[in-house]
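Below: one structure, written as structure tokens.
The values are calculated or read from the model by the stated rules, or taken from the named source; none is laboratory data. Note that this is a predicted model, so its numbers are computed, not measured. So basically every Cβ, Gly included, is an ideal-geometry build from the backbone, and we count neighbours across all protein chains shown. Each accessible area value is taken on the protein alone, full model and side chains, heavy atoms only, with ligands, DNA and RNA left out. Shrake-Rupley method; radii C 1.70, N 1.55, O 1.52, S 1.80 Å.
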Amino acid sequence: MSYTLAEEDYLKAIYKVAERQGNPVSTSGIAEAVQNRAASVTDMLKKLAEKGLIHYERYRGVQLTREGARIATQLIRKHRLWEVFLVEKLGFTWDEVHDIAEQLEHIRSENLVERLDHFLGHPRFDPHGDPIPDASGAYRMRQQILLSELDPGQKGIIVGVKEHAPAFLRFLDQQGLTIGATLKVIERFAFDGSVQLVLNEDATRLVSGKAAAFIYVQVAVQ
């Protein structure tokens with residue numbers, strides 16, 4: 001059975017909302033994710049339910065079926081592999097690749113996707129630090145916490161971001177808070193949650209509480 005681009009986009013949106021908020025997913029949560037009116041969302045959910053891609057009961061929320069989850073996971077796999085390709089092979093920056101990968105993720109050739117994965121050396125994470133599902137849909141997770149949770153005196157390495165907005169990514173570039181950067185927390189201020197740290201054993205930075213809550217860090221073994 002073939003699916004439209006819009007149907008695939010809805011499946012991925014449902015999957016991501018469920019990751020953040022758990023199941024079942026509300027219609028309003030989906031409407032916010034796809035930026036569409038509730039009535040239009042309801043019409044699409046009925047179509048997806050008819051195709052066996054979601055369990056949908058009005059007023060009770062939505063949950064992906066096994067097939068729906070498989071399609072959503074493969075879309076995410078393709079999206080993140082293309083982001084790696086765009087950054088590593090074509091020289092795009094990490095704040096430029098999302099919209100392009102949104103288009104490329106709908107390519108249906110499984111052979112192309114597997115060759116792309118092989119060509120890139122089977123990357124485990126995309127340029128934003130998000131895990132790339134393997135061909136079976138399994139994620140390879142790692143231990144990470146938010147910078148806002150790191151205690152004074154602790155060291156770590158930046159491994160990902162929770163927020164992908166281009167403006168935020170450009171801000172991180174300007175501050176040197178990019179993936180792979182090492183840091184040591186000097187002080188965390190209770191007033192606004194801001195964090196003072198030493199970056200790459202050299203520069204001192206004061207990171208706002210808002211930014212610190214969007215940066216993933218892998219804690220260094222002391």
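Applying a threshold of 7 Å to beta carbon distances and a minimum spacing of six or more residues, or different chains, the list of pairs starting in region 200-220 at a residue that is in contact (Cβ under 8 Å) with a residue 60 or more places away in the chain and ending at one that is open to solvent by 50 Å² or more (accessible area, probe 1.4 Å) and basic (K, R) reads F214/K162; Y216/K162; Q218/R142; A220/K155. Contact map, region 169-185: residues that are free of Cβ contacts under 8 Å to residues at least 12 places away in the same chain and open to solvent by 60 Å² or more (accessible area, probe 1.4 Å) paired with residues that are assigned to a helix (DSSP H, G or I) and acidic (D, E), Cβ distance under 6 Å, separation 6+ or inter-chain. No pairs are found.
Residues in region 26-54 that are assigned to a helix (DSSP H, G or I), of a type in the set (G, A, S) and touching a strand residue (DSSP E or B) at 6+ places or on another chain (Cβ under 7 Å): A49 alone. For E105, the requirement of being in contact with a His (Cβ under 6 Å, 6 or more places away or on another chain) and crowded, with 22+ Cβ neighbours inside 10 Å is met. Of the residues contained in region 69-87, none is found to be aliphatic (A, V, I, L, M), open to solvent by 20 Å² or more (accessible area, probe 1.4 Å), modelled with pLDDT of 95 or more and part of a loop (DSSP other than H, G, I, E, B).
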